[in-house]
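Peer 1: Let me begin by handing over the structure; questions about it come next.
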Amino acid sequence: MFKKIIKIIIVLLGSIIAIIITWFIISFYLNPSDSLYVYLGDDDSSVWVEGNPFSFRKEISGTKSPKFSDIEWSPNNNYVAFYDNVKEAPNMSREWFLKIFNPRTFSVRTIFIGPWAIGNYKWLDDNTIRAYAGACSGCRPYCDINISRREPFIFGKDEDPKHCGVQAWWEYDD
């Protein structure tokens, strides 16, 4: 009788654990931002992701160079974007790399390489980021980048009048 009760308890606990894991997996794939916290490390040169309910912590930035402090989820909470300050030899004017983190695969891709005087970025929609490439008095150039492009968009090389422009200071909304 005692063995039967132990078996029932084990089956019940196993079922509860299976339900919790299934719930976590489904909720994670539907909305990763509810399960993950992505943040800039205290050293300002690392980006970290922490997850629940299994309490893990992993560095995702891949470099020890300074990061831009804005780390933002896409509107649909499927991706995270951040700037990484990496100088690219031989062209040392290519310095700021806008990177996208996919929380489902834990992969990080560079989608934009900009000049030394980087501005910032903002999500326009779930698949497009407006990357500001620098600042001048009263205006700042930008390019709208589809995050699914295969190669990084290189400012100064890949400009396309349909996707790039200059925004005047009175149009700034961020």
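Peer 1: Taking interchain pairs and intrachain pairs at least six residues apart, which have beta carbon atoms under 9 angstrom, with the first residue in segment 11-40 and over 25 Å from residue 70 (Cα atoms) and the second open to solvent by 100 Å² or more (accessible area, probe 1.4 Å) and hydrophobic (A, V, I, L, M, F, W, C)?
Peer 2: These pairs meet every condition: 24/54.
Peer 1: Continuing with the same structure: Any chance you could count how many residues in segment 17-66 are assigned to a loop (DSSP other than H, G, I, E, B), at pLDDT 80 or above and open to solvent by 90 Å² or more (accessible area, probe 1.4 Å)?
Peer 2: Residues flagged as assigned to a loop (DSSP other than H, G, I, E, B), at pLDDT 80 or above and open to solvent by 90 Å² or more (accessible area, probe 1.4 Å) within segment 17-66 amount to 1.
Peer 1: Identify, please: which residue in segment 128-163 is small (Gly, Ala, Ser) and open to solvent by less than 80 Å² (accessible area, probe 1.4 Å) and is, among those, modelled with the highest pLDDT?
Peer 2: 131
Peer 1: Determine if segment 84-95 includes at least one residue that is touching a helix residue (DSSP H, G or I) at 6+ places or on another chain (Cβ under 9 Å), modelled with pLDDT under 90 and not in a loop (DSSP other than H, G, I, E, B).
Peer 2: No, the conditions are met nowhere in segment 84-95.
Peer 1: For the structure I just gave you, tell me whether residue 11 is in a strand (DSSP E or B), surrounded by 10 or more Cβ atoms within 10 Å (Cβ to Cβ) and out of contact with any His (no Cβ under 9 Å at 6 or more places or on another chain).
Peer 2: no
Peer 1: Can you tell me how many residues within segment 67-76 are surrounded by fewer than 15 Cβ atoms within 10 Å (Cβ to Cβ) and at pLDDT below 85?
Peer 2: Selection size over segment 67-76: 2.
The values are calculated or read from the model by the stated rules, or taken from the named source; none is laboratory data. The model shown is predicted, which means the values in this text are computed figures rather than measured ones. Ideal geometry is used to build each Cβ from the backbone, glycine not excepted, and the neighbour counts take in all protein chains shown. Side chains are part of the model used for accessible areas, which takes the heavy atoms of the whole protein and leaves out ligands, DNA and RNA. Shrake-Rupley method; radii C 1.70, N 1.55, O 1.52, S 1.80 Å.
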